[in-house]
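Report on the structure given below.
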Amino acid sequence: MGIGDQTNWNKGYGQEILELGLGFAFEELNLSRVQLTVFDSNKCAIAAYKKCGFKHEGGHREYLQRDGQTDDMLLFGILRREWEAVKK
């Protein structure tokens with residue numbers, strides 16, 4: 001998921017998309033877990049994932065090198081029961 005236009009950042013759109021996606025995954029698709037990866041420099045996304053109940057499960061160190069900087073790729077996951085505990 002990505003919101004390219006920076007004028008739309010920090011307005012809760014990503015959080016809303018994430019909540020709708022998780023509802024679809026667990027209620028319509030009947031999944032038992034959802035996982036995602038994110039670069040550790042994307043602090044806003046990580047905060048949104050944690051707020052939705054995702055747990056950090058691991059990652060890959062120095063996965064990406066760009067402009068002389070390295071980024072770890074983090075793995076997050078959420079189980080149906082964890083989602084049910086945090087959904088509104």
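Since every read-out is calculated from the coordinates, none of them should be taken as a lab result. Owing to the predicted nature of the structure, the values given are computational and were not obtained by experimental measurement. Glycine gets a Cβ as well: all are built from the backbone with ideal geometry, and neighbour counts include every protein chain shown.
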Yes or no: segment 42-50 includes at least one residue that is among the aromatic types (Phe, Trp, Tyr) and in a helix (DSSP H, G or I). yes
The correct count of residues that are free of Cβ contacts under 8 Å to residues at least 40 places away in the same chain, of a type in the set (Gly, Ala, Ser) and within 15 Å of Val38 (Cβ to Cβ) in segment 54-88 is 2
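Scan segment 18-35 and tell me whether some residue there is of a type outside the set (Asp, Glu), touching a Cys at 6+ places or on another chain (Cβ under 8 Å) and in contact (Cβ under 8 Å) with a residue 60 or more places away in the chain. Explain how you work it out, then say what you get.
Just the residues of segment 18-35 that are of a type outside the set (Asp, Glu), to begin with: 18, 20-26, 29-35.
From the residues that got through so far, the ones that are touching a Cys at 6+ places or on another chain (Cβ under 8 Å) too are 18, 22.
Next, only the ones that are in contact (Cβ under 8 Å) with a residue 60 or more places away in the chain stay: 22.
Looking through segment 18-35, at least one residue is of a type outside the set (Asp, Glu), touching a Cys at 6+ places or on another chain (Cβ under 8 Å) and in contact (Cβ under 8 Å) with a residue 60 or more places away in the chain.
Give Leu64, Leu74 a once-over and let me know the one that is of a type outside the set (Phe, Trp, Tyr) and surrounded by 15 or more Cβ atoms within 10 Å (Cβ to Cβ). Spell out how you get there, then give the answer.
Values: Leu64 fails: surrounded by 15 or more Cβ atoms within 10 Å (Cβ to Cβ).
Step by step, each of Leu64, Leu74 is checked, and only Leu74 is of a type outside the set (Phe, Trp, Tyr) and surrounded by 15 or more Cβ atoms within 10 Å (Cβ to Cβ).
Just a yes or no: is a residue in segment 68-78 out of contact with any Ser or Thr (no Cβ under 9 Å at 6 or more places or on another chain) and in a loop (DSSP other than H, G, I, E, B)?
yes
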Test each condition in (1) of a type in the set (A, V, I, L, M); (2) assigned to a helix (DSSP H, G or I); (3) over 13 Å from the mean Cα position of the chain (by Cα) for Leu64 and report the one that comes out false. (2)
